[in-house]
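One structure is given below, encoded as structure tokens.
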Amino acid sequence: MQGQAQQQAYDRGITIFSPDGRLYQVEYAREAVKRGSASIGVRTEGGVVLAVDKRTRSPLMERTSVEKLHKSDDHIGIASAGHVADARQLIDFARRQTQINRLRYGEPIGVETLTKEVTDHIQQYTQVGGARPFGVALIIGGIENGEPRLYETDPSGTPYEWKALAVGADRGEIQDYLETNYSEGMDLDGGIDLALSALGTVNDDQLSPTSVGLATVDVESEQFRMLDDDEVEGYLDELDILEDEDEDESEE
């Protein structure tokens, strides 16, 4: 009983390390991320691709209310997985930092700089009593000095740079697919194909334009752009992972 009581004490206290050096609340926050629908980021020579699973719980729910892709600045996009309310708070923080940088220095913020500003903010919530960690992971992608950059933020407040990654549900399976099929020299269209194909692997290779969110930040324009349903449908059709219902509707 005493051992269980001590375990519970470590569970409740975010500022208390367990005897084996773990912060259980941070690990529980990572579990919250795993419960969120998948988000994928791919870095290519032509830019960055962000793809998200936007399946709704009910056909009565408005699709636009499911926010998993966000514009932080003209040249930076963010995808999230995990606790939606936590994601919204961090997105707002990231947007404020981009505006502060423009006002203070007269130039757009770097992708790496923004990521570390966000992770510094996240890390504060792992060592302050009376607070809890953010139960969300972000994929931050954009163009910095003409080069595509892609980062992940972890609930512990640690930034990681990636060539391609997945966060959220089915991360292991999607990450395996990305590691197997990623190519250093692929262009932006190749990155879109890879992201959608990876997302299809955990959805029986059947995706609809209404259940997928897709955005890019390309090197030439350095502009964040959300792809519309028709563009997404074209990619899905080309990859032969378009849901049959959508194919039937398009023929009518």
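Brief remarks follow.
- Failed criterion for residue 244 (all others in (1) open to solvent by 80 Å² or more (accessible area, probe 1.4 Å); (2) free of Cβ contacts under 8 Å to residues at least 12 places away in the same chain; (3) closer than 25 Å to residue 64 by Cα hold): (2)
- Residue within the stretch 67-77 that is touching a residue at least 12 places away in the same chain (Cβ under 8 Å) and aliphatic (A, V, I, L, M) present: yes
- Taking every residue in the stretch 36-53 that is closer than 17 Å to residue 177 by Cα and at pLDDT 95 or above and pairing it with any residue that is assigned to a loop (DSSP other than H, G, I, E, B) and among the acidic types (Asp, Glu), at least 6 positions away or on another chain, the pairs with Cβ-Cβ distances below 7 Å are 38/170; 44/187.
- Candidates 103, 90, filtered to the one that is of a type in the set (A, V, I, L, M, F, W, C) and in contact with a strand residue (DSSP E or B) (Cβ under 9 Å, 6 or more places away or on another chain): 90
- Test: residue in the stretch 226-234 that is among the charged types (D, E, K, R), touching a residue at least 24 places away in the same chain (Cβ under 8 Å) and part of a helix (DSSP H, G or I): yes
- Taken over the stretch 175-216, the criterion of being in a helix (DSSP H, G or I), open to solvent by less than 50 Å² (accessible area, probe 1.4 Å) and within 19 Å of residue 243 (Cβ to Cβ) is satisfied by 192, 193, 195, 196, 197, 198, 199, 200, 201, 209, 211.
- When each of 143, 139 is tested for being open to solvent by less than 10 Å² (accessible area, probe 1.4 Å) and touching a helix residue (DSSP H, G or I) at 6+ places or on another chain (Cβ under 8 Å), the lone residue that passes is 143.
- If you go through the stretch 145-165 and pick out every residue that is touching a residue at least 40 places away in the same chain (Cβ under 8 Å), more than 15 Å from residue 46 (Cβ to Cβ) and of a type outside the set (A, V, I, L, M, F, W, C), you end up with 8.
The values are calculated or read from the model by the stated rules, or taken from the named source; none is laboratory data. It should be emphasised that the depicted structure is a prediction, and the values quoted were computed from it without experimental measurement. Neighbour counts run over all protein chains shown; Cβ positions are idealised from the backbone, glycine included. The area values use the complete protein model at the heavy-atom level, side chains included, leaving out ligands, DNA and RNA. Shrake-Rupley method; radii C 1.70, N 1.55, O 1.52, S 1.80 Å.
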